[in-house]
Amino acid sequence: MTAFQHLIAMVTTLACTAALGAPLAYVPNEGGASVSVIDTASDKVVKTLKVGTRPRGVAVSLDGKKLYISDQNSNSQLTVDTQNGETIVRTKLGDSPEGIYLSADGKWLAAAIEENNQALLIDTATGQVARRIAMRGKNPEHTVFSPDGKWLYVSSEEADSVDIVDLAKNEVVKSVKVGDRPRGIGFLPDGSRAYVAAENADMVNVFDVATQEVVARIKAGSRSNGVTVHPNGKRVYVSSGGEGTVQVIDVASNTIVAKIPVGRRPWNMAITPDGKKLYVACGRSNAVAVIDTETNSKIADIPVGELPWGVAIR
């Protein structure tokens, strides 16, 4: 390759990168009936969408064109155009929907319905509820797909167990004790392990997905709740709402290797696709804290709306 050809290749690469842009972080503010849109390159809010009346759970379509929100007051799941904030589809769910999660192939949403003690599967192509699955635990909050799409792990805040749904059978096939008030759930990228926080036990449970058993319990911070996994599968991040920190778990040793102060009542989180930055919704700070995952330090506080509940990045 000549020097000129090399220069053209560099310019083309830069142009493509610029066109694609940095990933965007979407933050539902349950107290402000809005979603803050953060440019992860500048760590600035670039747009605020008026969405629902009490937006909580959040997910983004694989192409980044649609935002999925659970709106608790209207008992609905809203499909929102990420460009103009328009609600395209409104799907009635049940009483008090909480977390919603997208399957790896983007075809399904799983929604936790607190008052009905159900997990719902929603077809993203039609916006219709396809399945309603009864839970054993009371007040389900998080419903997370395994990477291979075979399992759904469901945490219920008025329980001491995680319900495991076999999606081929559409039923709970096992409930595993994890400690009082299970919350956030995260799978390793290869699907071999799942990490479940138990808020009142200040504990993170490590599941062997092959056996569906807890193989380790890691003492974490006060009121452990949100769980996010690094894309390389080597680190797991757990927010602790009682002490305003995020703990970093080394997967190889199942030990906490760092504790990072972030803000008041850190809750749910998301990490950029390259794994370099973690975004933490700090509900009582009305802000999102940004963590540099290479240095395990907070590098920014981004003011958002009232009571941010979580983050989704695409």
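The values are calculated or read from the model by the stated rules, or taken from the named source; none is laboratory data. What you see is a predicted model, and the numbers here were worked out from it, not measured in a lab. Here Cβ is always computed from backbone atoms with ideal geometry, including for glycine, and neighbour counts include all displayed protein chains. Each accessible area value is taken on the protein alone, full model and side chains, heavy atoms only, with ligands, DNA and RNA left out. Shrake-Rupley method; radii C 1.70, N 1.55, O 1.52, S 1.80 Å.
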TODO: Hey, can you tell me all the residues within the stretch 222-246 that are under 17 Å from I291 (Cα atoms) and without any contact (Cβ under 8 Å) to a residue 40 or more places away in the chain?
DONE: K234, S240, E243, G244, T245
Open item on the list: Please determine whether any residue of the stretch 122-134 is surrounded by fewer than 21 Cβ atoms within 10 Å (Cβ to Cβ), part of a strand (DSSP E or B), of a type outside the set (V, I, T) and within 18 Å of the chain's Cα centre (by Cα).
Closed with: no
- [ ] Specify which of the listed residues (R131, R181) is out of contact with any Ser or Thr (no Cβ under 9 Å at 6 or more places or on another chain) and of a type in the set (K, R).
- [x] R131
TODO: Hey, could you check the stretch 257-292 for residues that are in contact with a Pro (Cβ under 8 Å, 6 or more places away or on another chain) and among the β-branched types (V, I, T) and say which is most open to solvent (accessible area, probe 1.4 Å)?
DONE: I271
Open item on the list: Return the pair list, or none, for Cβ contacts closer than 6 Å from residues in the stretch 87-112 that are under 15 Å from S155 (Cα atoms) to residues that are assigned to a strand (DSSP E or B) and among the acidic types (D, E), at least 6 apart or on different chains.
Closed with: E98/E141; G99/E141; A112/E98; A112/E141
- [ ] Looking at (1) open to solvent by less than 10 Å² (accessible area, probe 1.4 Å); (2) within 26 Å of L24 (Cα to Cα); (3) in contact with an Asp or Glu (Cβ under 9 Å, 6 or more places away or on another chain); (4) not polar (S, T, N, Q), find the lone condition where Y237 falls short.
- [x] (3)
Open item on the list: As an exercise: evaluate K65 against (1) open to solvent by 60 Å² or more (accessible area, probe 1.4 Å); (2) closer than 18 Å to L167 by Cβ; (3) in contact with a strand residue (DSSP E or B) (Cβ under 9 Å, 6 or more places away or on another chain) and give the number of the one condition it does not meet.
Closed with: (2)
- [ ] Please work out if V165 is of a type in the set (A, V, I, L, M, F, W, C), over 15 Å from P266 (Cβ atoms) and either outside any strand (DSSP E or B) or open to solvent by 10 Å² or more (accessible area, probe 1.4 Å) (or both).
- [x] no
Open item on the list: Regarding the stretch 244-256, can at least one residue be identified that is of a type in the set (A, V, I, L, M), open to solvent by 40 Å² or more (accessible area, probe 1.4 Å) and not in a strand (DSSP E or B)?
Closed with: yes
